[in-house]
Amino acid sequence: MRKATRWLLSLAVLIGTATAGSAQAGAATAAEPTTKDIKDRILAIPGMSLVEEKPVDGYRYFVLNYTQPIDHEHPSKGTFQQRLTVLHKSVDRPTVFFTSGYNVSTTPSRSEPTKIIDGNQVSLEYRYFTPSRPTPTDWKKLDIRQAATDQHRIFRALHRIYGKNWIDTGGSKGGMTATYYRRFFPHDMNGTVAYVAPNDVNNDEDSAYDRFFQHVGTAQCRTDLAAIEREALLRRGEMVKRFEDWADKEKQTFTNTGSADRAYEVMVTDLVFGFWQYQPAETACAEIPKPTASTDELWKWMDKVGGFDSYTDQGMEPYLPYYYQAGTQLGEPGYGYPNLAGLLKYPGINNSRTFVPKDISMRFDKRAMPDVDRWVRHHARQMMFVNGQYDPWSSEHFEVGKGSRDSYVFTVPGGNHGSNIAKLKDADRTKATAELLAWAGVPAPAGTTPAPLAPDNKKLDKQENRRMPMLRP
């Protein structure tokens, strides 16, 4: 969904699509010896290896590697090790397949659907995020179909053990990933919950973002934000000097962007996006500095909203696979900056090409996102999209159409990029929870209000707010 590390602010080669019948038949294969330790059963899967096991109350937790083909269409061309984790509760419970679309965290945690259905959780690192990156790296093999096939193979391998219903989920780029997986392998999962997932169908048409920024929040908040953005560029000289001094001290560089001055301009044009993406509107509007604020105040606020470290080579590098995908298939948001008229020195710099080293070639595939969008509108089954009213990424979101079945789009009033089922209006929350439980095969008892089946766990349920990089041409 670039300041992700600061915010931690929305988972033999088998190619063919699994059929619904094969998924059901797979449950019968789960009848392996139940007395065998779960770790032994998982490690008996060809290509699976253990990195470590960590203690977790009420669960078993494993960090694993799984051998994947670099190219699923040509598996003889080499393999790589893909990182994943398994939060094991019971083979008699449903399983959630989670992906953030980025790195996988090796700290035990539960996604919201895992808590609601009281199930197991398999979490997968997206291909080409380290350490799940082949060496040497053929970037052309980083696409949504290859990634979906990664998930498909892992599902098929683990479904022999976890034979109950499966739900895939993720937030932000993870929500996009969960949706793409269903498009290419529609029968693997029994349901999907995609949180705050952007859907950039036409990368050349982004007027939805302009409309969003013209109406989001209150007029006063929008005015104050526009004024401080302009002030940040009016003070470009002293702020860039401070940025350069900070970078020298922290051993940070600006090779990709070209200079601290160029990186600073990108950061300023990102501020409005970052502000609405994660700042709580009810308090953050009052915290916007006045144009008369001191340089120290301006620096601290900009660092909180945008993060200066996110605009250096070192801050960008961990998210290189995302920037590459944004510039080759996913698309990226674009909008105007009328409040910055006359102050921009490098118009057009804020796009994925700036953040990907020049020796990595990029060519945009205009067919990928329209294909997914058509599939969701006409063929989605048991899919749920949860968006935030104040989240810029929800400006272009997935819609279900006449051809979809048992699928829904929910919006959290005043919600940002951390929107989830728990924050929905009562009626929507009840509906979403009931549907998810039914998809998982553990419906709420008749006559009761649907609610999460697992009790709260502060250690496991801390929401991972992974902030998507903000990219605009």
* Structure fact -> With label points set 7 Å from each Cα along the Cα-to-Cβ direction at Leu234 and Ala286, the distance between them in nm comes to 2.6
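Probe radius 1.4 Å, ligands and nucleic acids ignored: give me the carbon and sulfur share of the accessible area of the chain as a rounded percent. Mind showing how you got there, number by number?
Numbers: 9810 of 19200 Å².
C and S fraction of accessible area: 51 percent.
To the nearest 20 Debye, how big is the dipole of the chain about its Cα centre, given +1 on the beta carbon of each Lys and Arg and -1 on that of each Asp and Glu?
Here the chain has a charge dipole of around 800 debye.
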* Asked: Using 7 Å Cα-to-Cβ label points, what is the Thr255/Thr449 separation (nm, one decimal)?
  -> 5.7
* Asked: If you work out semi-axes √(5λ) of the Cα gyration tensor in Å from the coordinates, which of (i) 35, 26, 22; (ii) 38, 25, 21; (iii) 45, 26, 22 do you get?
  -> (ii)
* **Most to least packed among 221-228, 445-452 [average Cβ atoms within 10 Å]** => 221-228, 445-452
* Asked: Taking a 30 Å limit on the Cα-Cα distance, which of the listed pairs Lys89/Lys462; Lys251/Lys304; Lys366/Lys425 fall beyond it?
  -> Lys366/Lys425
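Mind checking the full-extension length gain between Thr218 and Asp461? Use 0.36 nm per residue of separation minus the Cα-Cα distance, one decimal, nm.
Working: separation 243, 0.36 × 243 = 87.48 nm, distance 3.22 nm.
Length gained between Thr218 and Asp461: 84.3 nm.
Residue separation times 0.36 nm, minus the C-alpha to C-alpha distance between Asp426 and Leu50: what's the value?
On the way: separation 376, 0.36 × 376 = 135.36 nm, distance 4.24 nm.
Residue separation times 0.36 nm, minus the Cα-Cα distance, leaves 131.1 nm.
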* Asked: With each run of n ≥ 4 DSSP H residues scored as -39500 (n - 2.57), what mean residue ellipticity at 222 nm is computed for the chain after dividing by its residue count and rounding to the nearest 500 deg cm²/dmol?
  -> -10000 deg cm²/dmol
* Point-charge dipole on Cβ atoms (K/R +1, D/E -1) for the range 131-191, about Cα centre, debye to 20 -> 80
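Averaging sequence separations of C-alpha pairs under 8 Å and six or more residues apart, then dividing by the length of the range 331-473, give the relative contact order as a whole percent. Kindly include the intermediate steps, with their values, before the conclusion.
Details: 155 pairs, mean separation 37.9, N = 143.
Rounded, it is 27 percent for the range 331-473.
The values are calculated or read from the model by the stated rules, or taken from the named source; none is laboratory data. Please read these numbers as outputs of a predicted model, since none were measured by experiment. Positions of Cβ are generated from backbone atoms using ideal geometry, with glycine treated the same way; all protein chains shown enter the neighbour counts. Quick note on the areas: whole protein, heavy atoms, side chains included, nothing else; ligands and nucleic acids left out. Shrake-Rupley method; radii C 1.70, N 1.55, O 1.52, S 1.80 Å.
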